[in-house]
Amino acid sequence: MKKNYSHGESVPHEPRLYRVVADRIQALIAEENILPGERLPSERDLATKLSVSRASLREALIALELGEVIEVRGGSGVYVSELPEEQPDLPEVGPGPFEVLSARRLIEAEIAAIAARVATDAAIDDILKAVLEMEKHHANYSSNENADRNFHLSIARATGNSALVGTIEYLWSQRGRLWHKLKEHFQTEELRQQTLTDHRNILEAIASHDPAAARKAMRAHLERVTRTFSRG
């Protein structure tokens with residue numbers, strides 16, 4: 001029988017996929033008696049064993065790392081941490097990074113296209129300033145992150161639609177602990193350099209008032225980030 005939630009009842013909360021996968025990894029550790037200090041199977045083998053995508057697996061592993069259940073050692077693998085006496089409670093870290101990236105690919109590609117149609121010279125100058133700031137602070141994580149945010153927000157502002165600006169602010173606020181830990185592990189110098197090139201391409205398309213090129217450039221940029229973080 002279908003439940004009616006029209007009278008103020010809350011819809012049951014579905015656990016996020018990465019939490020489900022994280023629980024399955026913990027169950028696997030217990031079932032296969034993988035002891036503290038021992039290495040888990042490779043990501044490829046784990047993904048196959050659990051029948052999940054590499055992206056979902058990677059989010060789950062980062063969540064487990066934040067919960068101090070495992071330790072991710074760059075270039076070596078994933079190891080079980082010393083287990084506390086009580087079962088650790090994984091921190092609530094919001095939407096998974098790949099959920100956010102999927103939403104951004106859909107929304108920001110269209111925002112870039114709109115900006116290309118209607119952006120004023122002043123709005124384009126603001127986007128250029130954000131690009132120059134990101135290039136200037138390339139090696140400084142905090143300043144670079146802020147300039148990256150300003151770049152995407154300045155494109156939204158160029159549409160003249162405050163609701164779209166609010167949407168981008170919301171999506172950016174979802175880049176929480178899981179996102180930053182993932183970026184810490186899998187951000188590469190190649191991706192950083194390519195991001196600068198991507199931003200220049202997006203700016204050029206908007207400045208040329210070419211909506212199709214702006215849409216394509218923004219989508220290509222966010223797809224590149226997704227590939228890097230899901231494959232490592």
Report summary line: Total charge of the residues flanking Arg39 in space, meaning their Cβ is under 15 Å from its Cβ, with Lys and Arg +1 and Asp and Glu -1, is -4
Query raised in the report: Within the chain, which complete DSSP H helices have Cα atoms spanning at least 24 Å along the helix axis and a mean Kyte-Doolittle hydropathy of 0.0 or higher?
Result: 97-118
Query raised in the report: Taking a ≥ b ≥ c as the square roots of the eigenvalues of the Cα gyration tensor of segment 99-232, is the shape rounded (a/c under 1.5), prolate (a/b larger than b/c) or oblate?
Result: prolate
**Report entry** About the Cα centre, charge dipole magnitude for the chain (Lys/Arg +1, Asp/Glu -1 at Cβ), debye
**Finding:** 840
Query - Candidate values (i) 18.9; (ii) 17.5; (iii) 19.5, label of the one derived for Kirkwood radius over Cα pairs in Å - result: (iii)
Report summary line: Distance in Å, no decimals, from the C-alpha centre of segment 137-180 to the one of segment 106-121 is 15
Query raised in the report: Ignoring the sites themselves, what is the longest stretch of the chain with no trypsin sites (Lys or Arg not before Pro) in a DSSP loop and at most 13 other beta-carbon atoms within 10 Å?
Result: 4-232
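Values quoted throughout were computed directly from the atomic coordinates according to the rules given, and no laboratory measurement underlies them. No experiment lies behind these values; they were computed from the predicted model shown. Cβ coordinates were reconstructed from backbone atoms using ideal geometry, including for glycine residues, and neighbour counts include every protein chain displayed.
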